[in-house]
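A short worksheet on the structure shown next.
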Amino acid sequence: MAETKVPEVDYTLNNPDTLTKYKTAAEISHKVLQAVIALCAEGEKIVEICQKGDKLLEEELAKVYKGKKIAKGISHPTTVSPSSYVTPYTPLISDTAEAETVLKADEVIKIQLGAQIDGFGTIVCDMIVVVPKNSDKSEVTGREADLIVATHYANELLLRLIVPPGLLAQGTDEEKAKAAAQKAPTQAHISSLLEKVAKAYGCNVVENTTSWLFDRNEIEGTKKIILSPGNGTRGDGVPAVGEVWGIEVGLSLGSGKVKTLEHRTTLHRRTTTTYGLKRPSSRQTLSEAVKKFGTFPFSLRQLDDEKAAKVGIVECVRGGVLRPYEPAGDSENAPVSRLLTTIAITKNGITKLAAPTPIDLTQFKTDKKIEDEEILKILEQPLSRSTGNKKNKSKKKKVATTAE
């Protein structure tokens, strides 16, 4: 009797179900992001905000795909990074001093989190300026305004630079073919253009800011784009139709150079390495991490016994079965920005799956502007094919005018 061959599941964007799962995860990420932003006020403890964010993620995930054998969970724990922090930050309750860290008025903070459905993860990072208590302040001025506006345009520029050549070309078949034959910009050229945007506002791109190809159960795929690479690092690969990416931009009011912080490493992620762990506490930590989070990043505070995890994690890292995300900050302790957008590249262009909150540029007062003609021309380009919506067209025109 011949064996029945089980058909392979198509996990690419060619399968409509894949995009649906990405979009469902993105909706959850967006909803929780807005709720976490509302929690961020002067004097609030970062660890408590992170805990509430993760609880909200779990509650929203519980509402979807009920009764179906589909894995779902947190693709990135809630993190709230203070002004000069480059990497996501989430302290532990058991580290008393760090657990008392609170948000300060007027500092630029970065909020990062994400959800995944069936291994299709969406991660988003947004930034806000903490409003002082008992203040109705709505405008942001000074260097913080320069930083945020610069980051907005750097992000919009990067998104347009990764649209595959000719994908949105119009005109005759010959004109379309000519556009498609053009080479995608090199990563060195991409870095150069983003540096120009940063310099226009008196900022610098944070070194080694990395955008990754996403895949099922993978947020650090085979391709990556590295902005302002240092220490011999380099990106590899060109974004293409049918791919999902996590696009990241980070700027600094300082030099853009990074230093390792003295704080405990609390974020980790499973690797493909196998190693025979000797300590029971190590095996328990690894087992729980894999069961709850698979290959997605997690915080030690998300494990059942935080204190035991702090012991068990040591051998896991030493054996290479878990990779630590070491906390890093600006080398000059200068304010740093960060935006992260999960996008899908389709035949119609770029779809923002999980993206930062749209910025109201009228709330940020800066006397600086972009004057580079090449950059202004790129910023005028669309991210996707026109839907014929006049409202969207007028909005795009307004943003481009502001850039000028």
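Some observations on this one:
- Among residues of region 62-121, those that are in contact with an Asp or Glu (Cβ under 7 Å, 6 or more places away or on another chain), open to solvent by 20 Å² or more (accessible area, probe 1.4 Å), part of a loop (DSSP other than H, G, I, E, B) and hydrophobic (A, V, I, L, M, F, W, C), counted: 5
- Considering residues of region 122-152 that are of a type in the set (Ser, Thr, Tyr) and not in a strand (DSSP E or B) only, the residue nearest to Val244 (Cα to Cα): Thr151
- Region 218-250, residues that are in contact with a Pro (Cβ under 9 Å, 6 or more places away or on another chain), in a loop (DSSP other than H, G, I, E, B), in contact (Cβ under 8 Å) with a residue 40 or more places away in the chain and closer than 16 Å to Ala344 by Cα: Ile219, Val238, Pro239, Ala240, Val241
- Matching residues in region 349-373 - criterion: being touching a Lys or Arg at 6+ places or on another chain (Cβ under 7 Å) and hydrophobic (A, V, I, L, M, F, W, C): Leu353
- Residue within region 177-189 that is assigned to a helix (DSSP H, G or I), open to solvent by 60 Å² or more (accessible area, probe 1.4 Å) and either closer than 27 Å to Ala354 by Cβ or at pLDDT 90 or above (or both) present: yes
For (1) hydroxyl-bearing (Ser, Thr, Tyr); (2) in a helix (DSSP H, G or I), each residue gets a yes or a no:
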{"residue": "Ser287", "(1), (2)": "yes, yes"}
{"residue": "Glu315", "(1), (2)": "no, yes"}
{"residue": "Gly329", "(1), (2)": "no, no"}
{"residue": "Leu340", "(1), (2)": "no, no"}
{"residue": "Lys352", "(1), (2)": "no, no"}
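- Criterion: open to solvent by 30 Å² or more (accessible area, probe 1.4 Å), touching a helix residue (DSSP H, G or I) at 6+ places or on another chain (Cβ under 9 Å) and not small (Gly, Ala, Ser) - qualifying residue of Glu27, Glu44, Glu8: Glu27
The values are calculated or read from the model by the stated rules, or taken from the named source; none is laboratory data. Note that the structure is predicted; figures quoted are calculated from it, not measured. FYI the Cβ positions are ideal-geometry reconstructions off the backbone, even for glycines, and counts take in every protein chain you see. Calculation scope for accessible area: heavy atoms of the full protein, side chains included, ligands and nucleic acids excluded. Shrake-Rupley method; radii C 1.70, N 1.55, O 1.52, S 1.80 Å.
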